[in-house]
Amino acid sequence: MRFRTGLLLGGAFLAGIAAGPQISQLSYVGGGLTPHALAESLAKDSDSPAENFRLLSLFGHVLEQVKANYVEPVSNRDLIINALNGMLSGLDPHSSYMTEKQYGDLQVQTKGEFGGLGLEVQGEDNHIRVVSPVDDTPAARAGIKPGDFIVAIDGKNIDGLPLDEAVERMRGKPDTKITLTLIREKTPKPIVVTMTRAIIHLQVIRSALYDTVGYIRIAQFNEETAPGLEAAYRKLKAESHGRLSGLVVDLRSDPGGLLNQAIEVGSDFIRNGEIVSTRARHPQDSQRWDAHGTDITGGLPIVVLINGGSASASEIVAGALQDHQRAVLVGEKSFGKGSVQTILPIPGDGALRLTTARYYTPSGRSIQGLGIVPDVTVHESRDDPAYSIREADLAHIIKNQGGNTTKPPPRTDLPAIAATIPAEPPANWPSFDPTKPATDFQLQQGLKIVRAMAAGPRSADAGTGTGAVTEASRHE
């Protein structure tokens with residue numbers, strides 16, 4: 001099958017994506033059923049042709065009753081799209097039906113440029129929850145955080161509003177104002193923020209140099225991620241005049257994206273061995289991807305920062321680097337999304353985003369519902385984590401199954417300083433300001449660890465990235 005395969009937080013849309021064409025009118029074919037036959041059809045669990053006919057007749061009967069008796073007129077299109085959404089969202093949180101417009105939005109998102117606020121949102125129990133603000137956008141500068149709930153737009157309540165309608169209200173012409181009212185956990189009063197809409201050029205890669213340690217931030221996995229990462233590393237190497245001693249890769253609050261980009265990023269740091277494998281319903285559709293034989297850093301020590309907002313594609317990269325003991329993971333447990341979604345276009349009628357496989361880290365782990373536990377736990381602040389919603393908290397999640405272990409290979413290579421790293425900032429630590437790296441406690445601890453790794457002895461095969469994963473621990 002030649003479909004784009006991505007790892008996306010299901011139902012998430014970026015506020016302000018350019019609109020596409022409307023979906024064409026849908027029709028239905030239905031028949032009538034008596035109340036007794038309706039109950040009998042629901043009670044049966046069979047895929048026989050006769051049972052399928054009865055269930056389709058049930059659907060037609062319900063549609064006719066709603067059309068005839070609902071308090072307000074409603075179109076066939078709205079009813080059937082709602083039915084499609086219900087059918088797919090009832091399977092798992094990441095499967096969904098996309099109209100042509102929504103499918104167009106997704107295609108724009110993966111190419112890295114869109115208009116609006118730079119705010120990724122998701123529907124949850126008839127509420128709109130923030131998945132993540134995009135770096136260096138109006139939403140990020142306004143201080144919106146993952147886990148915030150948007151309850152009003154320009155003073156008008158949006159509770160119960162469908163996700164696509166809420167996103168549509170947040171879109172608008174650049175340089176126009178918009179006010180969002182937010183509810184944040186453990187904040188007693190609603191938070192009101194006013195922003196100016198803008199054309200968002202999604203900066204998926206940012207970099208900085210701290211003495212001789214390079215820092216690369218990956219905000220999302222789209223078509224620009226792997227090329228951008230490689231360019232950023234070349235830039236850091238040039239800025240350090242070839243004296244780069246280590247690297248911090250920041251995957252915090254990275255909601256994921258395209259599977260192929262996760263594979264490419266993992267292959268940039270792991271020289272040999274498996275990056276990730278997937279198992280689908282049909283064995284012939286299962287796949288495994290191996291590294292390309294090149295580590296762009298030549299074996300430099302690496303620290304990877306993760307938190308509860310690190311999901312899907314970012315978890316694939318973190319899991320591969322952890323299993324191969326190629327990097328030390330620092331921060332908080334990740335989101336725990338271990339499934340793969342395939343985009344199945346329907347010509348003229350949008351697309352399905354359907355969960356088609358589970359993925360497994362090189363050691364055979366499925367992190368579905370579990371997340372990745374860092375090698376060194378470091379909390380962002382002394383307060384309880386603000387990002388409290390993870391895969392395990394969502395409805396209808398798929399089971400964690402098929403893995404041969406739930407834990408990464410045991411580590412014996414951590415630097416001695418790792419045992420001395422505090423789990424939270426001291427009481428006098430300044431409030432976090434994203435424009436001031438010195439206030440980023442997790443980053444500062446990551447820099448300490450990578451500097452200790454750079455100063456310590458390095459084995460001759462430091463760049464192979466294969467020591468912890470043996471043939472016996474892999475799965476086919």
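Within segment 253-267, no residue satisfies the criterion of being assigned to a loop (DSSP other than H, G, I, E, B) and at pLDDT 95 or above.
Residue-level check: of (1) at pLDDT below 95; (2) under 26 Å from the mean Cα position of the chain (by Cα), Thr470 misses just (2).
In segment 228-239, the count of residues that are under 19 Å from Gly118 (Cβ atoms), within 23 Å of the chain's Cα centre (by Cα) and not small (Gly, Ala, Ser) is zero. The conditions of being buried (at least 23 other Cβ atoms within 10 Å of the Cβ), in contact (Cβ under 8 Å) with a residue 24 or more places away in the chain and farther than 19 Å from Asp250 by Cα are not met by Arg382.
Scan Gly273, Gly299 and give me the residue that is at pLDDT 95 or above, surrounded by 15 or more Cβ atoms within 10 Å (Cβ to Cβ) and in contact with a His (Cβ under 7 Å, 6 or more places away or on another chain). Break it down stepwise before answering.
Details: Gly299 fails: in contact with a His (Cβ under 7 Å, 6 or more places away or on another chain).
Unique residue meeting the criteria: Gly273.
Taking each residue of segment 62-80 that is within 21 Å of Tyr97 (Cβ to Cβ) and among the basic types (Lys, Arg) and looking for partners that are at pLDDT below 95 and loosely packed, with under 11 Cβ neighbours inside 10 Å with beta-carbon atoms closer than 6 Å, six or more apart or interchain, yields Arg77/Gln25. Please work out which residue is farthest from Glu120 (Cα to Cα), limiting yourself to segment 142-167 and to residues that are charged (D, E, K, R) and touching a residue at least 60 places away in the same chain (Cβ under 8 Å). Among those residues, the one meeting the criterion is Asp164.
Where residues in segment 339-349 are surrounded by fewer than 22 Cβ atoms within 10 Å (Cβ to Cβ) and either of a type in the set (Val, Ile, Thr) or touching a residue at least 24 places away in the same chain (Cβ under 8 Å) (or both), which of them is nearest to Ser310 (Cα to Cα)?
Residues of segment 339-349 surrounded by fewer than 22 Cβ atoms within 10 Å (Cβ to Cβ): 342-349.
Now restrict to residues that are either of a type in the set (Val, Ile, Thr) or touching a residue at least 24 places away in the same chain (Cβ under 8 Å) (or both): 342-346, 348-349.
Values: Thr342: 20, Ile343: 22, Leu344: 25, Pro345: 27, Ile346: 30, Gly348: 34, Asp349: 32 Å.
Per the criteria, the residue is Thr342.
Among the residues of segment 214-230, is any touching a residue at least 60 places away in the same chain (Cβ under 8 Å), out of contact with any Ser or Thr (no Cβ under 7 Å at 6 or more places or on another chain) and more than 27 Å from Phe441 (Cβ to Cβ)? The answer is yes, given that some residue of segment 214-230 is touching a residue at least 60 places away in the same chain (Cβ under 8 Å), out of contact with any Ser or Thr (no Cβ under 7 Å at 6 or more places or on another chain) and more than 27 Å from Phe441 (Cβ to Cβ).
Taking the listed residues Gly256, Gly308, Gly293, Gly242, the one that is in contact (Cβ under 8 Å) with a residue 60 or more places away in the chain, out of contact with any strand residue (DSSP E or B) (no Cβ under 8 Å at 6 or more places or on another chain) and of a type outside the set (A, V, I, L, M) is Gly308, with no other qualifying. I'd like the full set of residues that are in a loop (DSSP other than H, G, I, E, B) and either aliphatic (A, V, I, L, M) or surrounded by 13 or more Cβ atoms within 10 Å (Cβ to Cβ) (or both), limited to segment 405-425. Within segment 405-425, Pro408, Pro409, Arg411, Asp413, Leu414, Pro415, Ile421, Ala423, Glu424, Pro425 qualify. Please determine whether any residue of segment 218-230 is surrounded by 24 or more Cβ atoms within 10 Å (Cβ to Cβ) and part of a strand (DSSP E or B). Within segment 218-230, one or more residues are surrounded by 24 or more Cβ atoms within 10 Å (Cβ to Cβ) and part of a strand (DSSP E or B).
The values are calculated or read from the model by the stated rules, or taken from the named source; none is laboratory data. Because the structure is predicted, anything quoted here is derived from the model rather than measured. Quick reminder, even Gly has a Cβ in these numbers, built from the backbone with ideal geometry, and neighbours come from all protein chains shown.
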